[in-house]
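Asks: Input: one structure, supplied below.
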Amino acid sequence: MQSGGLSILQNKDRDNLYYTAADSPPGPHQGRQGFLEAVCSTQTQSESISSHMKRTLACFLLTAALSCVLSPVVRAQTTNGSMLFTPNVDLSSGTQNSYVGYVGGVFLTSYDYYPDVNYLGYYDKGGDGLANSHTVSLWDASAGNSLLVTATVPAGTSAPLVDGYRWVALPSTVHLTYNNWYVIDAQVDNVDTWGDLITDNSGAGQVTWSGQYANLAGGYEFSRAGRYDSVEPPSNQSGSDAIYPAANLGYNVVPEPTALAVLGLGGLAFGVAARRRR
């Protein structure tokens with residue numbers, strides 16, 4: 001039925017009236033009851049939509065909060081200069097392990113980081129160069145001891161020397177997984193010696209581990225141990241909170257050439273200024 005340009009649809013009992021959404025509100029000639037019903041219907045629909053939006057927003061916020069609580073902290077990038085461990089003893093003095101084969105260690109990564117690795121290193125006793133080249137390899141022990149990367153540290157002094165290790169840059173950064181087992185090893189020959197097993201067990205203090213790589217939570221000392229074998233990855237285990245320190249890994253342990261250039265210019269400027277003061 002058409003009334004004053006308003007389209008009205010009647011149901012079977014002809015008691016209730018429904019107005020199409022495209023029409024304007026009912027006029028006075030259509031009765032107060034019809035007008036109130038239309039207003040109440042519109043208000044109810046609005047309240048229903050508002051309640052639904054509030055529930056949806058509440059669910060979204062709750063999900064986001066739970067994700068923050070349950071998910072590990074993720075670092076976009078490991079701190080420059082980070083190494084798996086730093087020896088606190090002079091590896092060039094004292095007992096030298098004469099083992100020939102592969103030595104290194106196993107470690108469990110922290111739950112709080114996704115560590116990055118872009119350098120592998122081999123210890124240079126005395127810092128005067130290596131007699132032979134040595135392979136250094138990194139394995140994913142949680143994935144069936146799959147090889148992640150291997151590098152050859154060359155003989156001589158061509159590889160940069162930082163903190164007692166000769167470092168080789170990897171072709172690309174290796175991204176490790178949090179709370180995961182890894183094995184690092186180096187091929188050793190009893191010519192380029194590297195000391196012996198070092199440990200921090202019971203407060204020995206022979207080694208400092210980086211919390212960006214190793215799980216340093218209390219009770220997890222067992223998750224770091226020396227490994228050795230005639231084949232790789234080495235499976236024979238020794239010590240607790242320990243490692244055979246022939247091999248090491250790190251992230252940006254060698255300063256970039258630009259940084260070295262800036263340091264060189266800074267030193268030159270300082271020398272010139274000192275001479276002028278004289």
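Asks: Only one of these is at pLDDT below 95 and not in a helix (DSSP H, G or I): Y182, Y178. Name it.
Replies: Y178
Asks: In segment 181-215, which residue that is under 18 Å from the mean Cα position of the chain (by Cα) and within 17 Å of S137 (Cα to Cα) is surrounded by the fewest Cβ atoms within 10 Å (Cβ to Cβ)?
Replies: The extreme case among them is W181.
Asks: Looking at segment 148-160, is at least one residue surrounded by fewer than 20 Cβ atoms within 10 Å (Cβ to Cβ), modelled with pLDDT of 95 or more and either in contact with a helix residue (DSSP H, G or I) (Cβ under 9 Å, 6 or more places away or on another chain) or outside the structural domain of N248 (by TED's automatic domain parsing) (or both)? Full working, then the answer.
Replies: To start, the set of residues in segment 148-160 that are surrounded by fewer than 20 Cβ atoms within 10 Å (Cβ to Cβ) comprises 148-150, 152, 154-158, 160.
Remaining after also requiring modelled with pLDDT of 95 or more: 148-150, 152, 154-158, 160.
When the remaining residues are screened for being either in contact with a helix residue (DSSP H, G or I) (Cβ under 9 Å, 6 or more places away or on another chain) or outside the structural domain of N248 (by TED's automatic domain parsing) (or both), the result is 157.
Taking every residue of segment 148-160 in turn, at least one turns out to be surrounded by fewer than 20 Cβ atoms within 10 Å (Cβ to Cβ), modelled with pLDDT of 95 or more and either in contact with a helix residue (DSSP H, G or I) (Cβ under 9 Å, 6 or more places away or on another chain) or outside the structural domain of N248 (by TED's automatic domain parsing) (or both).
Asks: Any residue that is in contact with an Asp or Glu (Cβ under 7 Å, 6 or more places away or on another chain) and over 21 Å from S238 (Cα atoms) - is there at least one of those in segment 105-120?
Replies: Within segment 105-120 (the criterion being in contact with an Asp or Glu (Cβ under 7 Å, 6 or more places away or on another chain) and over 21 Å from S238 (Cα atoms)), the answer is no, since none of the residues qualifies.
Asks: Still on this structure, I have one more. Taking the criterion of being assigned by TED's automatic domain parsing to the domain that holds G164, out of contact with any strand residue (DSSP E or B) (no Cβ under 9 Å at 6 or more places or on another chain) and modelled with pLDDT of 95 or more, would at least one residue in segment 223-238 satisfy it?
Replies: No, there is no match, as no residue in segment 223-238 is assigned by TED's automatic domain parsing to the domain that holds G164, out of contact with any strand residue (DSSP E or B) (no Cβ under 9 Å at 6 or more places or on another chain) and modelled with pLDDT of 95 or more.
The values are calculated or read from the model by the stated rules, or taken from the named source; none is laboratory data. Please read all numbers here as calculations on a predicted model, not as lab measurements. Ideal geometry is used to build each Cβ from the backbone, glycine not excepted, and the neighbour counts take in all protein chains shown.
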